[in-house]
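Colleague: Here it is, the structure, as structure tokens.
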Amino acid sequence: EYRFGNQTLNQTGLYQEVFINQAGCDSIVNLSLEVVEVTQAGNGITVEGCEGANPPNLNIPNLRNEETVDWYDAAVGGNVIARDRVRFRPNGAGSYFAEIRNRPHGCVSAERTRVELIIYPVEVNVEEVIVCEEENVGRDTTYSFNEVGCDVLNITDRISGISPVTRI
């Protein structure tokens, strides 16, 4: 929103206003206004990753071609941790704040968008099963994935349920 004399402007266009100075003389002022839209990404984004893998790239969806992102460590103020990066790969879990910027004009989003990176640990499930036959003793290892796509290691140890016979 832009105030021009008695007008409140919010659209691109040509505007004219008459201003009168203290001596009563008038001046006509013409204004060519270009309103630059900047994507407002919303309240927050959550990105999930898995322990042991590279952290995923963070990005803001639906950017315009002329927009880029500056990444900060705080919602207000703070430090720039990556400039002019539509995609950003952080070192680890945490909160990161994206400020969208229009490259040609330098206009920025009204607020930074919080992007939360959550890293889930690898799950390890160990189960011991007692078997009666000695030849079935051993270990089975299988891999699967949990609901967020992280590795799950399933280990089944088969141990003997037969007590050794001691001869005297």
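The values are calculated or read from the model by the stated rules, or taken from the named source; none is laboratory data. For clarity, every value in this text was computed on a predicted model and none was experimentally measured. Note that we place each Cβ from the backbone using ideal geometry, even for glycine, and neighbour counts take in every protein chain shown. The accessibility values were calculated without ligands, DNA or RNA, using every heavy atom of the protein model including side chains. Shrake-Rupley method; radii C 1.70, N 1.55, O 1.52, S 1.80 Å.
Colleague: Which whole-number percent of Cα pairs in the range 1-147 have a distance greater than 22 Å?
Modeller: Roughly 62 percent, once rounded to a whole number.
Colleague: Same structure again: Can you figure out the FRET efficiency of Asn125 with Ser95, using R₀ = 41 Å and their beta-carbon distance, to the nearest 0.05?
Modeller: Taking R0 as 41 Å, the efficiency between Asn125 and Ser95 is 0.85.
Colleague: Which of Gly24, Gly106, Gly44 moves most in a GNM of the chain, Cα contacts under 10 Å?
Modeller: Gly24
Colleague: Could I get the Rg over Rh figure for the range 64-119? Both from C-alpha atoms, Rh via Kirkwood, rounded to two places.
Modeller: Answer for the range 64-119: 0.96.
Colleague: Using a 1.4 angstrom probe, figure out how much accessible area the range 1-154 has per residue, in square angstrom, rounded to the nearest whole.
Modeller: Value returned for the range 1-154: 68 Å² of accessible area per residue.
Colleague: Another question, if that's okay. Based on the mean of other Cβ atoms within 10 Å per residue, sort peptides 149-155, 111-117 so the most packed one is first.
Modeller: 111-117, 149-155
Colleague: Let me ask another. Give the Rg/Rh ratio for the range 1-45, taking Rg as the radius of gyration of the Cα atoms and Rh as the Kirkwood radius, to two decimals.
Modeller: So for the range 1-45, dividing Rg by the Kirkwood Rh gives 1.23.
Colleague: Rg and Dmax of the range 44-92, Cα atoms, in Å?
Modeller: 11.9, 35
Colleague: Then there's this: Might you report the magnitude of the Cβ-based charge dipole of the chain about its Cα centre, with Lys and Arg at +1 and Asp and Glu at -1, to the nearest 20 debye?
Modeller: Dipole size: approximately 600 debye.
Colleague: Continuing with the same structure: Roughly speaking, to the nearest percent, how much of the range 36-101's 1.4 Å accessible area is carbon and sulfur?
Modeller: 39
Colleague: So for the range 40-134, taking the charge dipole from beta-carbon charges (+1 Lys/Arg, -1 Asp/Glu), which of Gly94, Tyr120, Pro61 sits furthest toward the positive end?
Modeller: The Cα lying farthest towards the positive end belongs to Pro61.
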